[in-house]
Amino acid sequence: MTHKILVTGALGQIGSELTSALREIYGVENVLSTDIQQKEKVDDPNYEKLDVMDATQISDVVSQNKITIVYHLAAMLSATAEKYPRKGWDLNMESLLTFLDLAKDKKINQIYWPSSIAIFGPETPKQQTEQNALAIPTTVYGISKRAGELWCNYYHEKFGVDVRSIRYPGLISWKTRPGGGTTDYAVDIYYQALEEGKYECFLSENSALPMMYMDDAIRATIELMQADADKLTIRTSYNLNALSFTPKEIAAEIQKQIPDFEISYKPDFRQAIADSWPASIDDSVAQKDWGWKPEFDLEKMTEAMLENLKVKLNK
Ligand code: NAD
Ligand code: SER
């Protein structure tokens with residue numbers, strides 16, 4: 001059977017790269033990218049405007065395009081959701097429930113929905129945080145992701161919905177800039193290193209957070225979606241590990257290639273968000289269930305980021 005795939009939030013940091021990767025596997029005509037932008041403004045032959053707050057429109061797009069699989073990425077990230085708590089909750093939660101209901105009613109076969117390391121909270125053990133560690137999030141974003149995970153598990157247990165999920169760490173990429181996240185500094189720093197030779201970081205120098213290069217995240221997502229259902233023991237969301245570093249450590253790595261690069265620190269409200277999250281993640285369950293293994297360490301990622309951004313920024 002040919003898969004017909006719908007990606008929401010497809011113009012975002014992950015969506016833009018995931019859509020390309022899915023199209024390489026399934027063909028452009030079988031992967032419909034959607035986002036909130038008007039169609040005329042988007043240079044993509046298989047794009048539609050789809051507001052994920054509009055359940056009727058979602059249902060129409062799914063039936064008109066005979067969609068079988070949904071990658072539901074549209075969401076409000078941590079820093080923005082702290083500014084607009086109710087809007088963040090509504091967007092992150094209602095849209096997920098709309099897709100879960102469509103799967104329950106057999107209108108779609110499979111859903112991918114990303115969670116985050118933000119589901120953990122200040123009381124969670126910070127190092128090598130385990131799959132089922134205490135998770136009492138203190139951010140709106142974290143609350144919405146934790147609740148979403150529990151809804152995914154509920155729909156799987158109760159209605160047999162094939163929904164799969166990964167708790168992404170902070171994602172680092174050069175193609176599309178991130179927006180509204182607490183881990184965005186680890187992308188901004190590369191741009192500013194090349195453009196300005198210096199960077200003022202909104203987190204303090206020793207704030208360690210789990211991170212991952214986008215190539216690893218895309219590969220993980222597709223591997224999880226293609227894994228045998230029988231092997232999956234987690235239907236909330238899988239812990240996934242790749243890197244863990246502090247602003248000071250990423251700056252030192254950049255200095256290996258740009259020796260004059262300077263970093264300064266001016267923590268803002270995002271520091272409290274970062275302080276509530278783990279520093280590193282134990283992903284042994286993902287390793288065991290579907291063979292997850294990251295490929296990029298800090299050195300390899302920094303080389304890839306600077307090399308690609310030099311071309312992109314014409315430096
Ligand atoms: P992003 O902010 O770059 O992209 C989100 C996209 O959703 C944007 O293109 C936006 O236009 C779209 N959108 C917003 N409201 C919409 C609406 N009402 N209807 C349709 N589209 C709408 O986010 P991202 O970094 O690509 O994240 C994608 C998913 O991955 C999110 O669920 C996020 O929580 C999760 N995630 C991301 C990271 C990360 O580091 N980037 C880490 C953990 C989890
Ligand atoms: N990168 C995301 C954020 O900072 C984590 O989910 O919001």
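Scanning the range 168-185 for residues that are within 14 Å of the chain's Cα centre (by Cα) and more than 7 Å from ligand 1 (Cβ to nearest atom) gives 172, 173, 177, 182, 184. The set of residues in the range 267-307 being assigned to a helix (DSSP H, G or I), basic (Lys, Arg) and away from ligand 2 (no atom under 16 Å from the Cβ) consists of 288, 300. A count restricted to the range 134-153 and to residues that are touching a residue at least 40 places away in the same chain (Cβ under 8 Å), over 17 Å from residue 269 (Cβ atoms) and in a loop (DSSP other than H, G, I, E, B) stands at 0.
Of the residues 88, 121, which single one is buried (at least 22 other Cβ atoms within 10 Å of the Cβ), over 23 Å from residue 226 (Cα atoms), touching a residue at least 40 places away in the same chain (Cβ under 8 Å) and within 15 Å of ligand 2 (Cβ to nearest atom)? Selected residue: 88, the only one of 88, 121 that is buried (at least 22 other Cβ atoms within 10 Å of the Cβ), over 23 Å from residue 226 (Cα atoms), touching a residue at least 40 places away in the same chain (Cβ under 8 Å) and within 15 Å of ligand 2 (Cβ to nearest atom).
Residues in the range 33-46: is at least one of a type in the set (Ser, Thr, Tyr) and closer than 14 Å to residue 74 by Cα? Within the range 33-46, one or more residues are of a type in the set (Ser, Thr, Tyr) and closer than 14 Å to residue 74 by Cα.
For the range 110-120, the count of residues that are of a type outside the set (S, T, N, Q), in contact with a Leu (Cβ under 8 Å, 6 or more places away or on another chain), closer than 25 Å to residue 278 by Cβ and away from ligand 1 (no atom under 14 Å from the Cβ) is zero.
Filtering the range 1-31 to residues that are away from ligand 1 (no atom under 13 Å from the Cβ), of a type in the set (A, V, I, L, M) and touching a Phe, Trp or Tyr at 6+ places or on another chain (Cβ under 8 Å) leaves 5, 22.
Put simply, of 238, 265, 199 the only residue that is among the aromatic types (Phe, Trp, Tyr) and closer than 16 Å to residue 306 by Cα is 199. Here residue 43 passes the criteria (1) within 13 Å of ligand 1 (Cβ to nearest atom); (2) without any contact (Cβ under 8 Å) to a residue 24 or more places away in the chain; (3) among the acidic types (Asp, Glu) except the one numbered (1).
Throughout, read-outs are computed from the coordinates displayed, never taken from laboratory work. Owing to the predicted nature of the structure, the values given are computational and were not obtained by experimental measurement. Cβ: placed from backbone, ideal geometry, glycine included. Neighbour counts: every protein chain shown.
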